[in-house]
Amino acid sequence: MAKKGSDTRPGTRLVTGGRRAEWTGAAVNPPVWRTSTHLYEDSADLAAGRPNEDGHFYYGRRGTPTQWALADALTDIEPGADGTVLYPSGVAAIAGALLAVLKPGDVLLVTDNAYEPTRSIAQGLLKRFGIDARFFDPLDLAAYEDAFCERTAAVMLESPGSLTMEVCDVPALARIARDNGAVSVIDNTWASPLGFAPLDHGCDISVMSLTKHVGGHSDVMMGSASAGKAWHRKLRLTAQSLGTVVSPDDAALVLRGLRTMGVRLAQSTAAALEIARWLDARPEVARVLCPMLPGAPGHALWRRDFTGGCGLFSIVLSGRGEAERARFVDALELFGIGFSWGGYESLVVPFDPPRSATSWPPADLAANPGAAIRLSIGLEDPADLVADLDRAFAAMDNR
Ligand SMILES: *Cc1c(COP(=O)(O)O)cnc(C)c1O
């Protein structure tokens, strides 16, 4: 049965998704159902069992309408998805998805510019289970294709790459994976389905840290994995075996964030582009690593495949090192120093090029050690953020 509003545009589905009268009656927002236990009518009702899918009370670990509504809303905005599994964090979603698709003896190919904890999962947890992780340069399609072997069961993608922000040719990478019988999992946290639709571009499983754009208010941690029918079932069964469940309170918070994600992303994307342009013209900046900026690495692929951006990008200072970077970061007043991103508040974090053997990092990063900085543009007035950056540049060079 087609759901109400299922033929609408993504901006509308953000509002209508997950609002099912059969789950939560006439309430606009699903109540927070705090319960571990569902009471059955009688022995016959208990014996009748319940299908293992959202929408059927069974026991708290399988969720309540609060969690189902969020999962359903996320499925609604993910083109090609049949269902979504929620995890207590983005890292739990990555680990959960990889554990759902891999078995001992398998080889996993991991993009070399992946989120650092993804590297750790591949090199630590998965290794202990006899899974062999190999890293590849996502901009070198020929070498990537050569990396496949009989045992390659999955590829882990991320675009743009964490920190260094290169956009890769996801449709080509996913097609090569499929041709080689491997499942492709992608970390789509940066773009969200509003900016890039992974399953429509050949990927099998789309993972997000909901802690970032979807939650949007730096007050909750959660992750998700969305997929078509077959992979969704595997994700679900694996998550159930691991016992991962998210609290109804957190699900309600994330669902509230989801409703306004469209306007928040539009605002932070526009502000980020304005600030990226301003930074690009500064003599103190060697490179702006922002896919939305014309001329930046990956911009052509971003234009081809993406329908949106966000407030997260990086810069490389020109001819300056760790000491200047520290002075710059410390002089910022509106940008808090901290991890995470995608919240309403702007953040800054210095970073050093990821340890990798392939063509990363870009030449400017290598030429300016200790000079890379990541910015997350929030919802402040961009003119104030520019003034803050301007002040910090002055402080950087004024010892
Ligand atoms: C933050 C982040 C994650 C992990 O999310 P948590 O909710 O913090 O566990 C995964 N991928 C990317 C790209 C991230 O930036």
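The values are calculated or read from the model by the stated rules, or taken from the named source; none is laboratory data. Not measured: the values here are computed from a predicted model. Neighbour counts are summed over all protein chains in view; Cβ atoms, including those assigned to glycine, are modelled from backbone coordinates with ideal geometry. For the accessible areas, the whole protein counts, side chains as well, though only heavy atoms, and no ligand, DNA or RNA atoms are used. Shrake-Rupley method; radii C 1.70, N 1.55, O 1.52, S 1.80 Å.
Residues that are in contact (Cβ under 8 Å) with a residue 24 or more places away in the chain and at positive phi: does the stretch 105-113 have at least one? Please lay out each step first, then the result.
Initially, the stretch 105-113 is screened for residues in contact (Cβ under 8 Å) with a residue 24 or more places away in the chain, giving 105-113.
Next, from what is left, pick out any that are at positive phi: 105.
Yes, the stretch 105-113 has at least one match.
With the structure loaded, tell me whether I77 is within 16 Å of the ligand (Cβ to nearest atom) and either within 20 Å of the chain's Cα centre (by Cα) or surrounded by fewer than 18 Cβ atoms within 10 Å (Cβ to Cβ) (or both) or whether it fails that test.
no
Looking for something aromatic (F, W, Y), within 27 Å of G17 (Cβ to Cβ), out of contact with any strand residue (DSSP E or B) (no Cβ under 8 Å at 6 or more places or on another chain) and not assigned by TED's automatic domain parsing to the domain that holds D72 - is there at least one such residue anywhere in the stretch 296-310? Steps first, please.
Residues of the stretch 296-310 that are aromatic (F, W, Y), as a first pass: 302, 306.
Okay, now just the ones that are also within 27 Å of G17 (Cβ to Cβ), so 302, 306.
Subsequent filtering for residues that are out of contact with any strand residue (DSSP E or B) (no Cβ under 8 Å at 6 or more places or on another chain) retains 302, 306.
If we keep only those that are not assigned by TED's automatic domain parsing to the domain that holds D72 as well, we get 302, 306.
Scanning the stretch 296-310, I find at least one residue that is aromatic (F, W, Y), within 27 Å of G17 (Cβ to Cβ), out of contact with any strand residue (DSSP E or B) (no Cβ under 8 Å at 6 or more places or on another chain) and not assigned by TED's automatic domain parsing to the domain that holds D72, so the answer is yes.
What about T189, is it within 14 Å of the ligand (Cβ to nearest atom), farther than 17 Å from G308 by Cα and either open to solvent by less than 20 Å² (accessible area, probe 1.4 Å) or assigned to a loop (DSSP other than H, G, I, E, B) (or both)? Give the steps one after another, and end with the answer.
Details: within 14 Å of the ligand (Cβ to nearest atom): yes; farther than 17 Å from G308 by Cα: no; either open to solvent by less than 20 Å² (accessible area, probe 1.4 Å) or assigned to a loop (DSSP other than H, G, I, E, B) (or both): yes.
It is false that T189 is within 14 Å of the ligand (Cβ to nearest atom), farther than 17 Å from G308 by Cα and either open to solvent by less than 20 Å² (accessible area, probe 1.4 Å) or assigned to a loop (DSSP other than H, G, I, E, B) (or both).
Could we say that T35 is assigned to a helix (DSSP H, G or I) and open to solvent by 40 Å² or more (accessible area, probe 1.4 Å) here?
Working: assigned to a helix (DSSP H, G or I): no; open to solvent by 40 Å² or more (accessible area, probe 1.4 Å): yes.
Spelling it out, it is not the case that T35 is assigned to a helix (DSSP H, G or I) and open to solvent by 40 Å² or more (accessible area, probe 1.4 Å).
Is one or more of the residues making up the stretch 111-123 touching a Cys at 6+ places or on another chain (Cβ under 9 Å), outside any loop (DSSP other than H, G, I, E, B), within 16 Å of the ligand (Cβ to nearest atom) and open to solvent by less than 10 Å² (accessible area, probe 1.4 Å)?
From the stretch 111-123, those touching a Cys at 6+ places or on another chain (Cβ under 9 Å) are 111, 113; that's our starting set.
Adding the requirement that they be outside any loop (DSSP other than H, G, I, E, B) leaves 111.
Filter again for within 16 Å of the ligand (Cβ to nearest atom), leaving 111.
Of the ones still in play, those that are also open to solvent by less than 10 Å² (accessible area, probe 1.4 Å) are 111.
Yes, the stretch 111-123 contains a residue that is touching a Cys at 6+ places or on another chain (Cβ under 9 Å), outside any loop (DSSP other than H, G, I, E, B), within 16 Å of the ligand (Cβ to nearest atom) and open to solvent by less than 10 Å² (accessible area, probe 1.4 Å).
Which residues, counting only those in the stretch 205-234, are away from the ligand (no atom under 13 Å from the Cβ) and either over 20 Å from V263 (Cβ atoms) or assigned to a strand (DSSP E or B) (or both)? Show your work before the answer.
Residues of the stretch 205-234 that are away from the ligand (no atom under 13 Å from the Cβ), as a first pass: 205, 217, 226-234.
Hits for the stretch 205-234 are I205, S226, A227, G228, K229, A230, W231, H232, R233, K234.
Out of C203, C149, report the one residue that is farther than 23 Å from G96 by Cβ and not basic (K, R).
Numbers: C203 fails: farther than 23 Å from G96 by Cβ.
Exactly one residue qualifies, and that residue is C149.
Between L258, L237, L194, which is among the aliphatic types (A, V, I, L, M), closer than 30 Å to A383 by Cα, in a helix (DSSP H, G or I) and open to solvent by 10 Å² or more (accessible area, probe 1.4 Å)? Step through it out loud before you land on a result.
Details: L258 fails: open to solvent by 10 Å² or more (accessible area, probe 1.4 Å); L237 fails: closer than 30 Å to A383 by Cα.
Result of the check over L258, L237, L194: L194.
Pick out the one residue from F339, F313 that is open to solvent by 30 Å² or more (accessible area, probe 1.4 Å), closer than 30 Å to D140 by Cβ, among the aromatic types (F, W, Y) and not in a helix (DSSP H, G or I). Break it down into steps so the answer makes sense when it comes.
Working: F313 fails: open to solvent by 30 Å² or more (accessible area, probe 1.4 Å).
Answer to the selection: F339.
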